[in-house]
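**Q** I have a structure I would like to understand better, so I am pasting it below and will then ask my questions one at a time.
Bear in mind these aren't lab numbers, they're just calculated from the coordinates by the rules spelled out. Predicted model, so just to flag it, every value in this text is computed and none were measured. Quick reminder, even Gly has a Cβ in these numbers, built from the backbone with ideal geometry, and neighbours come from all protein chains shown.
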Amino acid sequence: MTLRAVVLGSAAGGGFPQWNSAGPGCTRARAGDPAARQRTQASLAVSADGERWALLNAAPELRLQIEAVPALHPRPAPGRIRHSPIAAVVLTGGEVDTIAGLLSLRERQAFAIYAAAPVLGVLAANPIFNVLNPAIVPRREMDVRSAIALADAAGAPLGITVEAFAVPGKVPLFNEDLGGADPGRSDDGDTIGLALSARGAELLFIPGCAAISPELRARIGRAHTLLFDGTLFRDDEMIRAGAGTKTGARMGHMSLAGPDGTLAALDGVAGRRILIHLNNTNPVLLSDSPERAAVEAAGWEVAEDGMEITVP
């Protein structure tokens, strides 16, 4: 059985172009420059049979992402006009750009939500998510380091095994102290990676990561395909651009460049490696930039919306 994946969105929070950004990359994307392709916020769809799909994260643009992928369209049948191939949603965190799209799935359509305990806590603490009636849309806890078989709302297996594992990250921004104090790094499941397979090779989905431990590097080395946090090229990139006051490290993201960056930390690791969750300030988004040339020379691909991936 083969695991098929479609990149629904490849940008970080805000998308590309971001609605209030007049930065050089966003300006080029807004003008339709083919070297600055527009992107929605990061999400993936995966399937073992091409008929039933699981979403990895639910971006705010989810409705538009569904419309862009025919495999996710509802299919008519006699006596039925409502249907969806989306059988489950798996969440890697509780940030707005990973959970807001759930509200677009509120039309009493059955599917299952999978998340680690801290993320389920975020949903439970926000009553707006009760538009997804748990009697129709069950919420299922994923234990870190325990592989489970994904199933639809009725419990029918999807043919996909998923293991959630904690990665260094941050609590959701809206749960930080309003005074701006740094809550420090979280290793307790606020940010998780996912390992998925359909009785074959493994795909890793890690859209947010603050550091790479020896254990994580070894795990990445065993995977057939990796989609990894590519938020910023340089740690102080947003500060230099006048787009914010925080470094990538402060936001819980590794930078790509530098002695402690992703390119150095994963140098020599085999397998297909793809960058996802790209911030609008990241010059890697521009196909004619020297930074794009640098990541490609290091063996990395840059995710684009609509990219299709097959994991044997």
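**Q** Around residue 37, under 13 Å between beta carbons, what's the net of Lys plus Arg minus Asp minus Glu among the other residues?
**A** After counting each charged neighbour, the total is 0.
**Q** Still on this structure, please answer the following. Dipole size in debye (nearest 20) for the chain around its Cα centre, Lys and Arg Cβ +1, Asp and Glu Cβ -1?
**A** With Lys and Arg at +1 and Asp and Glu at -1, about 720 debye.
**Q** If you take the charge dipole of the chain about its Cα centre, with +1 on Lys and Arg Cβ and -1 on Asp and Glu Cβ, which of 270, 32, 66 is farthest toward its positive end?
**A** 66
**Q** Need one number: nm distance between label points at residue 267 and residue 140, each 7 Å from Cα along Cα→Cβ, rounded to one decimal.
**A** Using points 7 Å along Cα→Cβ, the separation is 4.2 nm.
**Q** Take every DSSP beta bridge with both residues inside the chain and express the antiparallel ones as a percent of the total, to the nearest 5.
**A** Bridges in the chain that DSSP calls antiparallel: roughly 50 percent.
**Q** Separate question: Percentage of Cα-Cα pair distances in the chain greater than 31 Å, rounded to whole percent?
**A** Numbers: 12313 of 48516 pairs.
Counting pairs separated by more than 31 Å, the tail of P(r) holds 25 percent.
**Q** Could you compute the net charge surrounding residue 68? Neighbours are other residues with a C-beta less than 14 Å from the C-beta of residue 68; K and R count +1, D and E count -1.
**A** Here the charged neighbours net out to -2.
**Q** When 1/r is averaged over all different Cα pairs and the result inverted, which Kirkwood radius in Å belongs to the range 199-310?
**A** After inverting the pairwise mean of 1/r, the radius is 14.3 Å.
**Q** Taking R0 as 22 Å, what's the FRET efficiency between residue 296 and residue 33 from their Cβ-Cβ distance, rounded to 0.05?
**A** 0.70
**Q** Say each of residue 250 and residue 109 gets a label point 7 Å from the Cα, pointing the same way as Cα to Cβ; how far apart are those two points in nm?
**A** Spacing of the two 7 Å Cα→Cβ label points: 3.9 nm.
**Q** Continuing with this model, one more query. Using every alpha carbon pair in the range 1-154, what percent of pairs falls into each 5 Å bin from 0 up to the bin containing the largest distance?
**A** Going from the shortest bin to the longest, the percentages are 2, 9, 17, 20, 19, 14, 9, 7, 3, 0, 0.
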